[in-house]
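All remarks here apply to the structure that follows.
Computed from the coordinates by the stated procedures, all read-outs in this text should not be read as laboratory data. Since the model is a prediction, treat every value here as computed from it, not as a measurement. Glycine gets a Cβ as well: all are built from the backbone with ideal geometry, and neighbour counts include every protein chain shown.
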Amino acid sequence: MNEIPTTGAVIDAQDLVREYRLPRTRLFGAAPLLRALDGVSLRLEAGESVGLVGASGSGKSTLARILAGLDRPTSGTLRRRGRVQMVFQDPYGSLDPRMSVERIVAEGLYGERASRAQKRARVVEALEEVGLAAAHLDRYPHQFSGGQRQRIAIARALVSRPDLVIADEPVSALDLSVQAQVLNLMVDLRRRHRSTYLLVSHDLAVVAHLTERIAVIDQGRIVETGATDEVLNRPRHEVTRRLLEAVLPPDPLRARARLEGADRA
Ligand SMILES: Nc1ncnc2c1ncn2[C@@H]1O[C@H](COP(=O)(O)OP(=O)(O)OP(=O)(O)O)[C@@H](O)[C@H]1O
Ligand SMILES: [Mg+2]
């Protein structure tokens, strides 16, 4: 796998395959392989916001982790340019409970040369951008709500001004009303920083808020890609239709509002 910047894209993945070796079922039998990614190609241009949607187990997190450099593909090539940061689903598990907010967010500056005071100033700036304040620096994760914890995780991801942000189900662990607030925050931050986003979700409505292009993944393969409006209004693949149906009933008006973002808190 090489990561040499030879294209204008922030990410250029070709034919990624990721196989997991499962536990042997019989003592002398071969360990079975599970092909979680089965030939995925995906390009992200600078400044673009792309949604990756698919049902549970379709391979979204496997792909996100490989694109972020946290895991390696079994085969295929990945070219990536610039710095990448990730936001994870679980704002409880992803923040170390023994670390203060200041230390957690400063982790995002790991490796950067700056004085403690300079780092503190950038941490405060990042906290303010996500709607928190300097008064929160010395507090610990358990003192915050789920939505606030996810804001802290977003501050940690953004404090280094990354070129690419990969968010894997960033709101699915939150209450519905809080989901809308955190999504709106991400929309604002993206406008302000013009970074490239890959937003991973099983929920098409969540992705529609924040992305101009959508890729649909099913059983480790990308089955449909297109402009967000196109995919929502004229889904071509059966899998996409099923994901849309999960968003649509029972109340068509409310469903439209969800897709169009009119229910933003
Ligand atoms: N470390 C692992 N070892 C073995 N199998 C794995 C491992 N991680 C994922 N898998 C399997 O790979 C497939 C894809 O998993 P993945 O976590 O990428 O799906 P996902 O789309 O993120 O699902 P979800 O929406 O539930 O988060 C699943 O069948 C899963 O069980
Ligand atoms: Mg996942």
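Just subtract the alpha-carbon distance of H193 and R21 from 0.36 nm times their residue separation and send over the number in nm, one decimal.
Working: separation 172, 0.36 × 172 = 61.92 nm, distance 3.99 nm.
Additional length available on full extension: 57.9 nm.
For segment 81-180, which chymotrypsin sites (Phe, Trp or Tyr not before Pro) are in a loop by DSSP, counting at most 14 other Cβ atoms within 10 Å?
On the way: sites: F88, Y92, Y110, F144; in loops: F88, Y92, Y110, F144.
Taking segment 81-180 and a limit of 14 other Cβ atoms within 10 Å, the loop chymotrypsin sites (Phe, Trp or Tyr not before Pro) found are Y92, Y110.
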> Want the number for N233 to A133: 0.36 nm per residue separation, take away the alpha-carbon distance, what's left?
Replying inline: 31.9 nm
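Please identify the longest segment of the chain free of exposed GluC sites (Glu not before Pro), where exposed means a DSSP state other than H, G, I, E or B and no more than 15 other Cβ atoms within 10 Å. Could you put the intermediate results ahead of the total?
Working: sites that count: E3, E112, E212.
The answer is 4-111.
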> Using the C-alpha gyration tensor of the chain, what are the square roots of 5 times its eigenvalues, in whole angstrom, with the largest one first?
Replying inline: 30, 24, 19
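Looking at the chain, do any whole DSSP H helices span at least 15 angstrom along their long axis by alpha carbon and average -0.5 or above on Kyte-Doolittle, and which? Please list the in-between numbers first.
Values: long enough: 116-129 (20 Å, -0.99); 146-158 (18 Å, -0.24); 176-193 (26 Å, 0.00).
Span-like helices here: 146-158, 176-193.
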>> Using +1 at the C-beta of Lys and Arg and -1 at the C-beta of Asp and Glu, which of H202, I11, V123 has the Cα lying farthest in the positive direction of the dipole of the chain?
In response: V123
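Tell me the Kirkwood radius of segment 103-186: reciprocal of the mean inverse pair distance over distinct alpha-carbon atoms, in Å. Working shown, then result.
Working: mean 1/r = 0.0755 Å⁻¹.
One over the average 1/r among Cα pairs gives 13.3 Å for segment 103-186.
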> Which percentage, to the nearest 5, of the DSSP beta bridges contained in the chain is antiparallel?
Replying inline: 55 percent
> Which of the peptides 51-58, 69-76 is most tightly packed, and how do the rest follow, judged by the mean count of other Cβ atoms within 10 Å per residue?
Replying inline: 51-58, 69-76
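Please compute the volume of the convex hull spanned by the alpha-carbon atoms of segment 101-242 and report it per residue in Å³. Each step should come with its number before you reach the end.
Numbers: hull volume 17.5 nm³, N = 142.
Looking at segment 101-242, the number lands at 123 Å³ per residue.
If I stretch the segment between V223 and T74 completely, what's the gain in nm (0.36 nm per residue apart, minus their alpha carbon distance), one decimal?
Working: separation 149, 0.36 × 149 = 53.64 nm, distance 2.05 nm.
Going from the current span to full extension adds 51.6 nm.
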